[in-house]
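Here is the structure we will look at.
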Amino acid sequence: MMVKNEPAETAFHIADRLKIEGPWDVFAERARRYELHFNGRQIEMVRGPIELEGYGLRVFRYHDGKTRVGFLATTDLSEHGVSETAREATALGEYSTFPAGRVALPPPGQRHPSVEIVDPRLWEDPAGTLQAYVDSLFHAFDGRREVAPSFGSVRATLTETSIANSEGLRVGYPHTTVEFEVAVKSFGGPEGAPPGEYWVNETSRRVTTATLVQRVDDWCRYARDVRRASPSPSGELPVVLPAPILSQILPMVIGARFTGWARLRQIAPEIDTPWGTESLDLLDNGLVPWGIASAPMDDEGTPQRSRQLLRQGRVAGILYDALHGAAFGTPSTGNSVRGTDITGYRDWRRFTGAPNDTSSTLEVRPGAGGTDTELIEAAHDGIWVQQLGWAVPDPISGAFGGELRIGYRIRGGKLAEPIRGGTVGGVVMAPPGAPSLLANLAAIGSHAELSESVLAPSVLVRPLTVAGGQG
Amino acid sequence: MGREPLGFTEMSDLRSFEAEFSRAFLRLERHTPYVDVLAESTEGESLVVDTKSSTPSRQPKLSGAVLRAWGTGRWVEVATSSLDPESIGRAAHALEDRLAALGPGTTPPGEPSTTRKEWADRPTHPLSEEGTAGMAAWSKDVLGWATGVPGIGEGQVRIGWSEVQRFFMNSAGARTYQLVPRISAVVVPLAMENGRVEFDAEALGTQGGREHLERITPERVTEVAKNAVALLHAKPPPTGEMSVVLDPSTTGTFAHESFGHGTEADQFVRDRSYLRPLLGEKVGPEFLTIADDGSLPGGWGTIYADDEGFPCRRTALVEHGQFVSGLHDRVTAAALGTRPTGNARRADFLSRLFVRMTNTYVEPGDWSLEELVEEAKNGVLLVRATSGIEDPQGGQMQIKVKKGRRIENGRLTELVTSMALSGKVLDFLREIRGVSRQAKLNTDPGFCGKGHTDLLPVGSGGPYLLSRAIVGPA
């Protein structure tokens, strides 16, 4: 099956109609969205196509050694709309100041690497693929007793991104995103026992049914374990965090603090200072296949590549977009990202936001910690975190934490009873010498797993603070 | 500060598309007994200022429409971001194809709205009159108040306004039009020392005009900046189960996460709410009342009519400790034998409709803060909620706050850093020992997701409240 690899030319058409001086850039998206929502095993809503086409125009002007940036996003693609957008963006820039000299927008002719971010089956037949996936999901529950999906949805977005700038750059690429949600309910059994639920909410680049039965097995087990879980213990304990938990925690803090934005405000870590344990290698790698923040280029059109952030625990790099790079006289590292902000919220309508410098896909290099079983053995007496309510870290202070929705007690180096309730928390990164998640990694597993925008193995943190109901 | 002549283009009046939508209805009614459309257009401007940069932007100028029809046993929707006759016609054609494939349409559950009304009152002094220059001048003043405090090396001020137009029509004759003007402002002083960074914040978000900016005073900003500096040296919070006093912002988040999400009746229909069997039961003390009110004047979550065309109103969720009602759209109301409450909302024209909150709050009691602290004896005061998440099936909740104060021997003592509260909602309700007086309900602005998506503006608020919960660092 072939995927059309020619991008939509929305940005090119807008660029052709612009009658203003450079520098400027246009980031455009043409997106189609399809959704299926279900209640139990009944489809309750079918959506699509939800069609969206729009662009963001950024205009740069220079004044007194500083840069003025005007930005405006719109869905108005008409000739008049383009003309008004250009006029308004330029006018807005009059009230902007940024401490940078001339911004180096990416020129044409650069090689953009390829990265797998299009699900071809989904691209060709989105509605049919989603229906087939939901059918497979329901089928995976067949024959299971006292457990069922209570509701859920699958939403696919097929986007053609295009970028143009006043240097003559005209590039683009297609990509797919799938948001999946299902609540798995466990019920029945002893009279009066309340139901249990395991809520799955994840974003990926493709629809995969190959491992669905195994995953449903796991979800059902977690839903059952919720019903029999004991209160969490309390204290400073060894804690094992798998990749899906790290994907909730790392991007918001690393993506805020290891950046030109943070450096400008003097809150970025200094190069070559030790902010992580010696065994930690952390990279920003926008070329990780199927990562939801992976792409051939960043949102200014700079080619993606891999960048080391921590090498053996020492700070090795800072991330820049073109604007923040110009503030420090350094080129962009390909980390311009639109539609996200310091809270970590990622809008699927990326064209609506001006670029920020932040991380793409974060990669924690596998360590010598071995399998999850070996990490659990190393923890000896602690907890395994399966799901937190919402870790939602503070990108500035680095504090994170959340309610334990389901986890497991580790006793004598083995997984023991399920636990639930209370909180698990700490600080992601702290100045050299102070305790933090990055500095307290007692072991890094040897097998990495991709979870949304993080490729990481499970890690053992010794310790984190657990506040539960047992002393 | 006068309006500078930027000459931004005006957004078009969505009512001008009424004839196009009517034509689409005529086509679609051949396949379905019910169809509706929601058209939306957004305008606005925002400005972010810190010591290094000033970044103005217009709100994304998004407009579009979503057509919804009842197929056989399900809703079917198609949307477009192009509001022109050809695109609307194409969307209607796509929806027609989908309906035809489903076969003859049955009647959807519940009664449709037949409301015909318009609400389009602009503020007397809209913030837009200040222009970008006026907003920049105000922001620089506020930033100066924050950075004037020793220890504050950086800060950020954000200010903005928006006007959202929504035009709704259905095939039962409803026709509502509303224009919702909102303004927001926040100042975030950053304190830095030896690589450690802390912040505090003062924020407002409301409907109305520039007069609300007067709530951000030099005294309030200075106090918040001093708090940010103090947080650099604050100790971690106490951990474990203890007495907790929630400040108004945390009480509002509690109302939202506990009896807000738990009473969105789509969770009842999914048989996913631990609260459903408790409808009509006593769940809290006599002095506890929790309500949702989409008609609250000035509320961040206030709208005039929901996205099914039903007017918004106050709905008591817990009245004098008794769980009395859920929040409904037409489908859930029909399933549970009641009336829609005006809580059917879409995040935007691209997003599906869910049962959602508007402004959710705890009504005041008759304690003072001092009395609540004395009653708590030992525990912690939680201040400035930053996030929360519900657990409709399991009945738990998580609320995170920026800071707090220890309570020792009935008195407020040292400042502590950010923390998370967790626990079972029903246990928390049973343990409520007091709710404070409050002269005027002020709702905090927030954005609420259904799950982690479909964010829309909601308000939450309330007085101080004393209960018991598990607390840990976060």
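The values are calculated or read from the model by the stated rules, or taken from the named source; none is laboratory data. The structure displayed is predicted, hence computed values, not measured ones. Note that each Cβ is placed from the backbone with ideal geometry, even for glycine, and that neighbours are counted across all protein chains shown. When the accessible area is computed, the model is the full protein with side chains, heavy atoms only, and any ligands, DNA or RNA have been set aside. Shrake-Rupley method; radii C 1.70, N 1.55, O 1.52, S 1.80 Å.
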Inset, instruction - Mind scanning B:LYS52/B:LYS400; B:LYS235/B:LYS402; B:LYS235/B:LYS403; A:LYS66/B:LYS52; B:LYS140/B:LYS400 and naming the pairs with a C-alpha gap bigger than 19 Å? - result: B:LYS52/B:LYS400; B:LYS140/B:LYS400
Inset, instruction - Please give the contour-minus-distance gain from B:ARG116 to B:THR338: 0.36 nm per residue of separation, less the Cα-Cα distance, rounded to one decimal in nm. - result: 77.8 nm
Inset, instruction - With the Cα gyration tensor of segment A:21-76 in hand, give its eigenvalues times 5 under a square root as the equivalent ellipsoid semi-axes, listed largest first in whole angstrom. - result: 42, 11, 6
Legend entry - Extended-chain gain in nm, criterion 0.36 nm per residue less alpha-carbon gap, B:LEU232 and B:THR72: 51.6 nm
Legend entry - Listed residues B:LYS450, B:LYS282, B:LYS52 arranged by accessible area, highest first, probe 1.4 Å: B:LYS282, B:LYS52, B:LYS450
Inset, instruction - Output ³J(HN,Hα) for segment A:314-323: one whole-Hz value per residue in order, computed from phi by the Karplus curve 6.51 cos²θ - 1.76 cosθ + 1.60 with θ = phi - 60°, and x for Gly and Pro. - result: 9, 5, 10, x, 10, 9, 9, 9, 5, 5
Inset, instruction - Take the Cβ-Cβ distance between B:THR106 and A:GLN131 as r, set R0 to 25 Å, and report the resulting FRET efficiency rounded to the nearest 0.05. - result: 0.75
Legend entry - Protection-proxy order for peptides A:172-178, A:63-69, B:142-148, B:233-239, each taking the mean of Cβ atoms within 10 Å per residue, highest first: A:172-178, B:142-148, B:233-239, A:63-69
Inset, instruction - Starting from the Cα of A:LYS185, draw a straight line to each of the lysines and keep only those under 24 Å, dropping any in the same chain fewer than 8 residues away. - result: B:LYS424, B:LYS450
Inset, instruction - As a check on your grasp of the helix formula, calculate [θ] at 222 nm for chain B: sum -39500 (n - 2.57) over DSSP H runs of n ≥ 4, divide by the residue count, round to the nearest 500. - result: -5500 deg cm²/dmol
Inset, instruction - Send over a whole-number figure in Å² for the accessible area per residue of segment B:240-473, probe 1.4 Å. - result: 31 Å²
Legend entry - Average beta carbon contacts from partner chains per residue of B:238-244, 10 Å cutoff: 4
Inset, instruction - With all protein chains present, calculate the accessible area of B:ASP247 using a 1.4 Å probe and round the result to the nearest 10 Å². - result: 20 Å²
Inset, instruction - Assuming R0 = 30 Å, can you tell me the calculated FRET efficiency for the pair B:LEU455 and A:GLU377, based on Cβ-Cβ distance, to the nearest 0.05? - result: 0.10
Legend entry - Accessible area per residue in Å² at 1.4 Å probe, computed on segment A:73-216: 39 Å²
Legend entry - Rg over Rh, two decimals, chain A (C-alpha only, Kirkwood Rh): 1.00
Legend entry - Cα-centred dipole magnitude for segment A:229-471, charges only on beta-carbon of K, R (+1) and D, E (-1), debye, nearest 20: 160 debye
Inset, instruction - Please give, to one decimal in nm, the separation of the simple spin-label points placed at A:ARG228 and A:ASP64, each 7 Å out from Cα toward the Cβ. - result: 7.1 nm
Inset, instruction - Beyond 28 Å, what share of the Cα-Cα pairs of chain B is found? Please give it as a whole percent. - result: 56 percent
Legend entry - Gyration tensor over alpha-carbon atoms, segment A:75-175, equivalent ellipsoid semi-axes in Å: 45, 19, 15
Legend entry - Averaged over B:269-278, number of beta-carbon atoms from partner chains that fall within 10 Å: 3
Inset, instruction - Between the chain alone and the structure with every protein chain in place, find the residues of segment A:255-273 that drop at least 10 Å² of accessible area; heavy atoms, 1.4 Å probe. - result: A:ARG257, A:TRP261, A:LEU264, A:ARG265, A:GLN266, A:ILE267
Legend entry - Top positive-direction residue, dipole computed over the protein assembly as shown with Cβ charges, set A:TYR173, A:GLY433, A:ASN335: A:GLY433
Legend entry - Placed amide H near A:GLY334: partners under 5 Å, 5+ positions off or other chain: A:TYR320
Inset, instruction - For segment A:225-231, take each phi angle, set θ = phi - 60°, evaluate the Karplus expression 6.51 cos²θ - 1.76 cosθ + 1.60, and give the result in whole Hz per residue in order, putting x for glycine and proline. - result: 5, 4, 6, 10, 6, 8, x
Legend entry - Using a Förster distance of 30 Å, the FRET efficiency for B:GLU193-A:GLU236 (Cβ separation, nearest 0.05): 0.75
Legend entry - Per-bin percent of Cα-Cα distances, segment B:9-146 [10 Å]: 10, 29, 23, 16, 13, 7, 1
Inset, instruction - Would you mind giving the mean number of other chain beta-carbons within 10 Å of the Cβ of each residue in A:74-87, as a whole number? - result: 3
Legend entry - segment B:240-473 - convex hull of the alpha-carbon atoms, volume per residue in Å³: 105 Å³
Legend entry - Inter-probe distance in nm under a simple model that places probes 7 Å from Cα toward Cβ, at B:GLU375 and A:GLU270: 5.2 nm
Inset, instruction - Give me the distance between the Cα centres of segment B:409-447 and segment B:206-241, rounded to whole Å. - result: 16 Å
Legend entry - Relative contact order computed over segment A:19-120 (Cα-Cα under 8 Å; 6+ residues apart), in percent: 22 percent
Legend entry - For segment B:14-231: accessible area per residue (Å², 1.4 Å): 36 Å²
Inset, instruction - With a 1.4 Å probe on protein heavy atoms only, work out how much accessible surface B and A bury together, total over both chains, in Å² to the nearest 100. - result: 6600 Å²
Legend entry - Carbon/sulfur fraction of accessible area - chain A, other protein chains in place, 1.4 Å, %: 49 percent
Inset, instruction - For chain A, calculate the relative contact order in percent as a whole number, restricting contacts to Cα pairs under 8 Å that are 6 or more residues apart. - result: 16 percent
Legend entry - Inter-label distance for A:SER306 and B:LYS440, nm, one decimal - labels placed 7 Å from Cα along Cα-to-Cβ: 5.9 nm
Legend entry - Karplus (6.51, -1.76, 1.60) ³J(HN,Hα), θ = phi - 60°, over segment B:73-87, in Hz, Gly and Pro reported as x: x, 7, 7, 10, 9, 9, 9, 9, 9, 10, 9, 9, x, 5, 5
Legend entry - Mean separation of Cα contacts under 8 Å, 6 or more apart, over the residue count of chain B: relative contact order %: 15 percent
Legend entry - Occluded residues from segment A:449-471, i.e. those whose accessible area drops by 10 Å² or more once the chain is not alone (1.4 Å probe): A:THR465, A:ALA467, A:GLY468, A:GLY469
Inset, instruction - Report, to the nearest whole %, how much of the accessible area of segment B:240-473 belongs to carbon and sulfur atoms, 1.4 Å probe, protein only. - result: 47 percent
Inset, instruction - Please report, as a whole percent, how much of the solvent-accessible surface of segment B:144-226 comes from carbon and sulfur atoms (probe radius 1.4 Å). - result: 51 percent
Legend entry - Under-5 Å amide H pairs with B:TYR34, H placed in peptide plane, nonlocal only: B:TRP70
